[in-house]
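Every number in this text was worked out from the coordinates using simple rules, so none of it is lab data. Note that the coordinates shown come from a computational prediction; the quantities given were computed from them, not determined experimentally. Reconstructed Cβ throughout: ideal geometry from the backbone, glycine too, with neighbour counts over all protein chains shown.
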Amino acid sequence: MNKKKLILGIIFIFSLFCLVFSSYKLLEYKLESEKTEKILENITEIAELSESEEDSENETCEIEGHPCDDQYWKYLKTPFLSANISALKQENPDTVGWLQVLGTNINYPFVQAYNNDFYLYTSFDGSRNSAGWVFLDYRNSQDLTDDNNIIYAHGRLDNTMFGSLRNLTKSNWLENPDNYLIRTKTETSSSVWQIFSIYIIPTTSDYLQTSFSSIEEKYYFLNTLKSRSNHNFGVSLSPSDKILTLSTCYDDTSRMVVHAKLLKSQETPNSSNSEA
């Protein structure tokens with residue numbers, strides 16, 4: 001009888017411990033999410049986000065080879081994103097630029113450290129935070145001119161960071177072609193990227209290659225990324241295309257990945273001194 005009571009007592013204490021620990025982690029998660037939102041509010045104000053259009057008067061259907069009613073032409077008219085990256089660098093010198101994924105909550109400055117671990121548990125203001133921040137692969141150039149430019153963030157269940165990338169697998173997101181764009185702004189340029197592949201895959205690193213030794217190698221890489229997509233975006237690819245990759249955790253054993261190709265880009269005038 002005493003043995004049975006002892007076992008029940010141990011089970012009770014263990015269950016109580018699990019309940020207290022879970023409650024603590026939920027509270028911690030909530031507090032860190034609230035802190036992240038406050039940081040974002042502050043830096044969004046500093047960034048002075050706006051839109052600016054590229055002069056595209058000379059672009060015609062005949063020159064580009066797309067039908068005049070093609071969605072491509074609508075994408076080309078997408079305004080560039082403008083942000084005060086210099087002001088953000090004053091807040092955090094690791095700032096690279098701003099990232100916006102249409103049809104999601106992703107509208108953040110992104111940073112870059114000397115490795116891919118630092119911003120997993122560090123917020124934009126340098127404080128310890130399990131939410132981390134949005135960051136560029138340490139191997140990539142900050143002007144996003146590599147063959148494959150990779151940006152990471154946690155897939156938070158509260159839809160902060162890259163949590164809302166899950167929207168891209170839902171029919172209401174996929175049914176609206178206006179969502180198929182990503183905008184970036186760095187100190188040197190503003191760019192619009194067209195999504196061509198989204199998928200969930202068991203954890204692997206084969207999509208994280210940043211440079212290629214031959215045209216054939218890159219062509220095979222691009223075809224692999226495109227073939228994995230759970231939706232056919234109808235986007236043609238060539239070895240000359242620059243790629244933007246977004247990568248986040250989907251669950252404990254798989255990743256959510258998004259790939260987009262550079263659609264258009266505009267250099268920032270006097271980029272070495274500009275605050276735009």
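The peptide list 184-193, 141-150, put in order of mean Cβ contacts within 10 Å with the highest first, becomes 184-193, 141-150. Across segment 156-173, computed HN-Hα scalar couplings (Karplus, 6.51 cos²θ - 1.76 cosθ + 1.60, θ = phi - 60°) run 5, 5, 8, 6, 7, 6, 9, x, 7, 4, 4, 4, 5, 9, 8, 4, 5, 7 Hz from first to last residue, x flagging Gly and Pro.
Taking amide hydrogens as placed 1.01 Å from N in the peptide plane, the amide H of K264 sits under 5 Å from those of V192, each at least 5 positions away in sequence or on another chain.
When the charge dipole of segment 127-276 is built from unit charges on Cβ atoms (+1 for Lys and Arg, -1 for Asp and Glu) and taken about the Cα centre, the candidate among T245, V134, I201 whose Cα reaches farthest toward its positive end is I201. Ordered by the number of other Cβ atoms lying within 10 Å of each residue's own Cβ, fewest first, D241, D178, D125 fall into the sequence D178, D125, D241.
Averaging 1/r across all pairs of distinct Cα atoms in segment 163-276 and inverting the result yields a Kirkwood radius of 15.4 Å. Ranked from largest, the principal axis spans of the Cα set of segment 92-136 equal 29, 20, 17 Å.
Amide H contacts under 5 Å for N148: I243, restricted to partners 5 or more places along the chain or on a different chain, H placed in the peptide plane at 1.01 Å from N. Each residue in H154, H231 was given a count of other beta-carbon atoms within 10 angstrom of its own, and listing them fewest first yields H231, H154. Treating each Cα of segment 122-164 as an identical point scatterer and summing with the Debye formula, the log10 of I(q)/I(0) at q = 0.22, 0.29 Å⁻¹ comes to -0.78, -0.96.
Computed extension gain for F233 through D117, at 0.36 nm per residue and net of the alpha carbon distance, reaches 38.5 nm. Dipole magnitude for segment 143-276: computed about the Cα centre from +1 point charges on Lys and Arg Cβ and -1 point charges on Asp and Glu Cβ, it is near 340 debye.
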